[in-house]
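A.B. asks: Please see the structure below; I have some questions.
The values are calculated or read from the model by the stated rules, or taken from the named source; none is laboratory data. Only a predicted model underlies this, so the values are computations on that prediction, with no experimental measurement involved. Cβ coordinates were reconstructed from backbone atoms using ideal geometry, including for glycine residues, and neighbour counts include every protein chain displayed. Remember, those area values only see protein heavy atoms, side chains included, never the ligands or the DNA or RNA. Shrake-Rupley method; radii C 1.70, N 1.55, O 1.52, S 1.80 Å.
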Amino acid sequence: MKIVLLGPPGSGKGTQAKILSEKLGLKHISTGDLLREETKKETPLSKKIKEILDEGKLISDEFVFEILKQNLPSDNYILDGLPRTVSQAKMLDDMVKIDFIFLIDVEDEFIVERIVNRRMCPKCGRIYNLKTNKPKNDTLCDVCSVPLIQRDDDNEEVVRKRLSEYHNQTEPVLDYYSSRLIRIDGEKPIEEVTQQILSKINRL
Ligand code: AMP
């Protein structure tokens, strides 16, 4: 099974992808995570990537696909964070046949509040929210017990920039997919969002 999760930054794509990948035995492929891994390398290219990420802008389609191809299995995965442009959607269609395309729908006002409170485990990638999905111990990952981090691009200024990139570049992808798109109410609690998705793929 191949699933694409679309939605604005902070809509819960990463959280849902993690839960679904465990429940359904699918590989979770987050292009954002793959790009953040790239920034850890000490090369001129990795510095450039970090600059673009920190500004909340998009990385070129060519580079994102180069990294994607290195990490894409032949089947059984969830794509989180791609496609982000119509050209990426077309490139993906040329490569594979996706079974389910979900839009996790959330209004902008919700998102800013959500993202500034978001924390992430640097080891397993699990995502927390200091208000709505707190770790058991204040600052540590429930599973790995390592200190949670805040992503460099999870501040209000960059979030607004990322939201405007989403409206300009990614919303046209929703029209591109219109007949195949399954809308999910992303403002519901995490478990309910998961249930909505599972019911659509008949895995409840
Ligand atoms: P995310 O973790 O999905 O919020 O992505 C974080 C950042 O990585 C984005 O703000 C973009 O700068 C970059 N990024 C992730 N996926 C893509 C993509 N498919 N195309 C271009 N840039 C991307």
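A.B. asks: Condition first: farther than 13 Å from THR15 by Cβ and open to solvent by less than 70 Å² (accessible area, probe 1.4 Å). Now tell me which residues in region 123-147 satisfy that.
C.D. replies: Answer for region 123-147, where residues must be farther than 13 Å from THR15 by Cβ and open to solvent by less than 70 Å² (accessible area, probe 1.4 Å): LEU130, PRO135, LEU140, CYS141, ASP142, CYS144, VAL146.
A.B. asks: Also: Of the numbered conditions (1) more than 13 Å from the ligand (Cβ to nearest atom); (2) open to solvent by less than 80 Å² (accessible area, probe 1.4 Å), GLN169 satisfies every one except a single condition; which is it?
C.D. replies: With respect to (1) more than 13 Å from the ligand (Cβ to nearest atom); (2) open to solvent by less than 80 Å² (accessible area, probe 1.4 Å), GLN169 is out only on (1).
A.B. asks: If you check PRO9 against the conditions, is it modelled with pLDDT under 95, near the ligand (Cβ under 7 Å from one of its atoms) and either within 16 Å of the chain's Cα centre (by Cα) or surrounded by 21 or more Cβ atoms within 10 Å (Cβ to Cβ) (or both)?
C.D. replies: Working: modelled with pLDDT under 95: yes; near the ligand (Cβ under 7 Å from one of its atoms): yes; either within 16 Å of the chain's Cα centre (by Cα) or surrounded by 21 or more Cβ atoms within 10 Å (Cβ to Cβ) (or both): yes.
Here the answer is yes, as PRO9 does meet what is asked.
A.B. asks: Can you list residue pairs whose Cβ atoms sit under 9 Å apart, with the first residue in region 77-92 being open to solvent by 20 Å² or more (accessible area, probe 1.4 Å) and the second being near the ligand (Cβ under 10 Å from one of its atoms) and acidic (Asp, Glu)? Count only pairs 6 or more apart in sequence or on different chains.
C.D. replies: These pairs meet every condition: ARG84/ASP61; ARG84/GLU165; SER87/ASP61; MET91/ASP61.
A.B. asks: Just one of VAL106, VAL116 is under 30 Å from VAL146 (Cβ atoms), more than 10 Å from the ligand (Cβ to nearest atom) and modelled with pLDDT of 95 or more; which is it?
C.D. replies: Of the residues listed, the single one that is under 30 Å from VAL146 (Cβ atoms), more than 10 Å from the ligand (Cβ to nearest atom) and modelled with pLDDT of 95 or more is VAL106.
A.B. asks: If you don't mind, there's one more thing I want to ask. Let me confirm something: among LEU20, LEU53, LEU26, which residue is under 16 Å from the mean Cα position of the chain (by Cα), within 10 Å of the ligand (Cβ to nearest atom), at negative phi and aliphatic (A, V, I, L, M)?
C.D. replies: LEU53
A.B. asks: Further question: Residues that are surrounded by 14 or more Cβ atoms within 10 Å (Cβ to Cβ) and of a type in the set (Ser, Thr, Tyr): find the helices (runs of 4 or more DSSP H) completely inside region 24-73 holding 2 or more of those.
C.D. replies: Those helices (runs of 4 or more DSSP H) span 31-39.
A.B. asks: Further question: Can you name the residue in region 93-105 that is in a loop (DSSP other than H, G, I, E, B) and among the β-branched types (Val, Ile, Thr) and is also surrounded by the most Cβ atoms within 10 Å (Cβ to Cβ) among such residues?
C.D. replies: Here is the first cut: in region 93-105, the residues in a loop (DSSP other than H, G, I, E, B) are 96-99.
This time we only want the ones that are among the β-branched types (Val, Ile, Thr), so: 96, 98.
Numbers: VAL96: 14, ILE98: 18.
The selected residue is ILE98.
A.B. asks: What helices (runs of 4 or more DSSP H) completely inside region 138-204 contain at least 2 residues that are of a type outside the set (S, T, N, Q), in contact with a strand residue (DSSP E or B) (Cβ under 7 Å, 6 or more places away or on another chain) and in contact (Cβ under 8 Å) with a residue 24 or more places away in the chain?
C.D. replies: Of the helices (runs of 4 or more DSSP H) lying wholly inside region 138-204, those with at least 2 residues that are of a type outside the set (S, T, N, Q), in contact with a strand residue (DSSP E or B) (Cβ under 7 Å, 6 or more places away or on another chain) and in contact (Cβ under 8 Å) with a residue 24 or more places away in the chain span 171-176, 190-200.
A.B. asks: Next up: In region 170-204, what residues are hydroxyl-bearing (Ser, Thr, Tyr) and farther than 20 Å from GLY25 by Cβ?
C.D. replies: THR170, TYR176, TYR177, SER178, SER179
The rows are residues; the columns are (1) in contact with a Phe, Trp or Tyr (Cβ under 7 Å, 6 or more places away or on another chain); (2) at pLDDT below 95; (3) within 10 Å of the ligand (Cβ to nearest atom); (4) not polar (S, T, N, Q).
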position	(1), (2), (3), (4)
VAL64	no, no, yes, yes
LYS69	no, no, no, yes
LEU82	no, no, yes, yes
PRO135	yes, no, no, yes
GLU156	no, yes, no, yes
